[in-house]
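This report concerns only the one structure given below.
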Amino acid sequence: MTAIPALAVEDLSVEFRTRSGVVKVLEHVGFSVDKGETVALVGESGSGKSVTAFAVMGILDAAGKVTSGRAMFGGSDLLALSERDLAEQRGRELSMIFQNPRTALNPIRRVGRQIADVLVRHGGATRNDAPRAAIEMLKKVRIPDPERRAEAYPFELSGGMCQRIMIAIALACRPALLIADEPTTGLDVTTQAVIMDLIGELAGESGMATIFITHDLALAAEYCDRIVVMHAGHIVEAAPGRALFDHARHPYSAKLLAATPGETVSLDALASIPGGLPDLRRPDLPPCRYSGRCERRSEACDQPLPQRTVGEHHVVACWNPL
Amino acid sequence: MLNLLLSRLATAIPSIVGVVVVTFMLTRLLPGDPAAYFAGLAASPQAIAEIRTKLGLDKSLPEQFVAYVGDLVQGNLGNSLSTGQPVVTEIATRLPASAELTLFALIVAVAIAIPLGVLAAVKQGTWVDHLCRIVTTAGVSLPVFFTGLLLAYVFYYLLQWAPAPTGRLDIFLSPPPDITGFYLIDSMLSGNLETFWSALRQLALPAISMAIFSLAPLARMTRGSMLAVLGSDFIRTARASGLSPRTVVFTYAFRNAVLPVITTLGMVFSFLLGANVLVETVFAWPGIGLYAVNALITSDYAPVQGFVLTMAVLYVTLNLTIDFVYGLVDPRVRLES
């Protein structure tokens, strides 16, 4: 099977201008997602997962600036599109769902109308048909009693219910790519599974590509074909889920795995990763941003980062891989 | 919604009762003897005592209070000592003048402040934002009587663009037929453009002085509230859904941002009711503020009480309206009732 990439991000770098200096939030980030494939972006908080997604969607804060890179999607570079053209694509061809569904919905607009807004905007339905089409979407994300729920405000619904509404908004126009930014954070574990299954199922039906952003490696392994590990704005390792779990090559991935609760790991064996993220404002950042925390550090680590292929679809950015 | 209104109405009753008690006490405890004032400087002690008996001031405070409440219930606010007219009719004829001035000022302020605040937030850091900052700083730093005097000095005395600050209408014109009591509306309804124009010209300066004063908190609150909302998660969702900038800013952001602005509007409105007293004095505006000032100076109880009561009722009505509007905009408030 020859895979066709739905999204190919190449050499993406993003800077944030802050009062205390320029923060190099992303540096030379590259990965791709094939049609129908689910790829996880994992890493600790501040590793640049969400910024990657925001940059691709073109919804970075005003302080953030893309300094290099391309994001090829459907034959065009998303990063080079005008805001107007990009807005046409957003919600129709590429969609995003966020964490904290309760705050991610307009608190004073009926949820049915919020879905209808997107449909009307992208020509998915006429103004007259939109309310009915919105109810169809609510059915699709399996909200019981959709006619009544369409009239509800977000504060009248549970967190899981709100996340279903978010999914309905994101998938209303049948996008080719869905970015799910920690969609299950703040939901209880059973709801988590239901939401993940729902996303997986709806993606499978339409051959949609999915980027799943999480800090939960176990969740990523369960639902994703490939896992991309990020650390301090770099991609340190990209591998099929199984391969990563069997044999993580980057020291950071290995530490992340050791910090992930699983069947075989006892609570005592769970290890926290020593050290923190480096200060990304420093002008003299080492080529490998993990080197400050790394036990396998050597002289070679001062050279520019390599991209070593260590297996099928398995790439690691490390001079001394495990 | 109706429940909300009724419950708020119920909470308003104690405030009204409180105001009745306080106005009564306040005017009795103020220094100055109205009987002596009205008897004149040359009056004999007997004459003063006679007037005091006539006014009921010789009775004990509780007795006076019972009489006062009894009159109130019958809609009788007493007679003004200086004019001899019933206070109710005097307030009724003067209230529209104040109301027209205040409402017009408020409309002008809202029409400028809200677009300015929204623009300043959407185009944060640009010249609109700086303009907004200058306007709000100037607005809060200039006392309203000063703005009034300054405007009258510049536009009437120096430039002679504005008419003399002497009331609601050019002295050669007769007021329009009394329909709403608002000269602008009444003159339009009776098709008298000349009166309308004159009323507008008279209204302009006092209204602008009050508008400048109330613009500042409104613009500042609009800007701040818009900024907060524009940075919130659901706006990011709206943008990520590709909604047009117009929908994002107006339908999504503004409707949420307007909630604290409504609250501020209520506060500004009550400030304006107070500022009325000063502006009406500067522009000889025949409203209830000027009426109250004159009554205070002459220790004329009844009009002062009437004024404070009217104001209290206005405040309560205003707060009810604010609650109602708030409930219309925010479904979460409706639920609480």
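Within segment A:153-177, the set of residues being more than 16 Å from A:PRO107 (Cβ to Cβ), in a loop (DSSP other than H, G, I, E, B) and either among the basic types (Lys, Arg) or within 12 Å of another protein chain (Cβ to nearest Cβ) (or both) comprises A:ALA172, A:CYS173, A:ARG174, A:PRO175. When B:PHE145 is tested against (1) surrounded by 13 or more Cβ atoms within 10 Å (Cβ to Cβ); (2) among the aromatic types (Phe, Trp, Tyr); (3) under 30 Å from B:MET226 (Cα atoms), exactly one condition is not met: (3).
Per-residue answers, yes or no, for (1) at pLDDT below 85; (2) more than 25 Å from A:PRO5 (Cα to Cα); (3) of a type outside the set (D, E, K, R):
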site: A:ARG226; (1), (2), (3): no, no, no
site: A:GLY233; (1), (2), (3): no, no, yes
site: A:ALA239; (1), (2), (3): no, no, yes
site: A:ASP246; (1), (2), (3): no, yes, no
site: A:LEU256; (1), (2), (3): no, yes, yes
site: A:GLY262; (1), (2), (3): yes, yes, yes
site: A:SER272; (1), (2), (3): yes, yes, yes
site: A:ASP279; (1), (2), (3): yes, yes, no
site: A:LEU285; (1), (2), (3): yes, yes, yes
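Counting only residues that are assigned to a helix (DSSP H, G or I) and more than 15 Å from B:LEU218 (Cα to Cα), segment B:269-301 holds 21 of them. I'd like to check something: does segment B:201-210 contain any residue that is within 14 Å of chain A (Cβ to nearest Cβ), surrounded by fewer than 20 Cβ atoms within 10 Å (Cβ to Cβ), out of contact with any His (no Cβ under 8 Å at 6 or more places or on another chain) and in a helix (DSSP H, G or I)? Among the residues of segment B:201-210, not one is within 14 Å of chain A (Cβ to nearest Cβ), surrounded by fewer than 20 Cβ atoms within 10 Å (Cβ to Cβ), out of contact with any His (no Cβ under 8 Å at 6 or more places or on another chain) and in a helix (DSSP H, G or I), which makes the answer no. Residues that are hydroxyl-bearing (Ser, Thr, Tyr) and under 14 Å from B:ARG255 (Cα atoms) were ranked within segment B:211-229; the one that is farthest from the chain's Cα centre (by Cα) is B:SER225.
Flag: B:ALA238 does not match the condition of being among the hydrophobic types (A, V, I, L, M, F, W, C) and more than 8 Å from chain A (Cβ to nearest Cβ). If you go through segment A:65-88 and keep only what is in a helix (DSSP H, G or I) and either aromatic (Phe, Trp, Tyr) or more than 7 Å from every other protein chain (Cβ to nearest Cβ) (or both), you end up with A:LEU78, A:LEU79, A:ALA80, A:GLU83, A:ARG84, A:ASP85, A:LEU86.
Here B:THR195 fulfils each of the conditions (1) part of a loop (DSSP other than H, G, I, E, B); (2) crowded, with 17+ Cβ neighbours inside 10 Å; (3) among the β-branched types (Val, Ile, Thr) apart from (1). Output yes when any residue across segment A:143-152 is in contact (Cβ under 8 Å) with a residue 40 or more places away in the chain and away from chain B (no Cβ under 13 Å), and no when none is. Yes - at least one qualifying residue is present in segment A:143-152. Inspect all residues belonging to segment B:251-268 and state whether any of them is free of Cβ contacts under 8 Å to residues at least 12 places away in the same chain, within 14 Å of another protein chain (Cβ to nearest Cβ) and assigned to a helix (DSSP H, G or I). Looking through segment B:251-268, at least one residue is free of Cβ contacts under 8 Å to residues at least 12 places away in the same chain, within 14 Å of another protein chain (Cβ to nearest Cβ) and assigned to a helix (DSSP H, G or I).
Quick check on B:ASN3: is it assigned to a helix (DSSP H, G or I), more than 22 Å from the chain's Cα centre (by Cα) and of a type outside the set (A, V, I, L, M, F, W, C)? So B:ASN3 passes the test.
Flag: B:ALA113 does not match the condition of being modelled with pLDDT of 80 or more, within 23 Å of the chain's Cα centre (by Cα) and closer than 30 Å to B:PRO175 by Cβ. If we scan segment A:112-122, do we find a residue that is among the acidic types (Asp, Glu), at the interface with another protein chain (Cβ under 7 Å from one of its Cβ atoms) and under 17 Å from B:THR251 (Cβ atoms)? Yes - at least one qualifying residue is present in segment A:112-122. If only residues of segment A:93-111 that are at the interface with chain B (Cβ under 7 Å from one of its Cβ atoms), in a loop (DSSP other than H, G, I, E, B) and touching a residue at least 60 places away in the same chain (Cβ under 8 Å) are counted, the one that is surrounded by the fewest Cβ atoms within 10 Å (Cβ to Cβ) is A:ASN100.
Just one of the listed residues (A:ALA248, A:ALA180, A:ALA193, A:ALA238) is part of a helix (DSSP H, G or I) and of a type in the set (A, V, I, L, M, F, W, C), namely A:ALA193. Based on this model, can you work out whether A:PRO131 counts as buried (at least 18 other Cβ atoms within 10 Å of the Cβ) and either touching a strand residue (DSSP E or B) at 6+ places or on another chain (Cβ under 8 Å) or at the interface with another protein chain (Cβ under 10 Å from one of its Cβ atoms) (or both)? No; evaluated as a whole, the condition is false for this residue.
The values are calculated or read from the model by the stated rules, or taken from the named source; none is laboratory data. None of the values given here were measured: they were computed from a predicted structure. Note: ideal-geometry Cβ built from the backbone for every residue, glycine included; neighbour counts use all protein chains shown.
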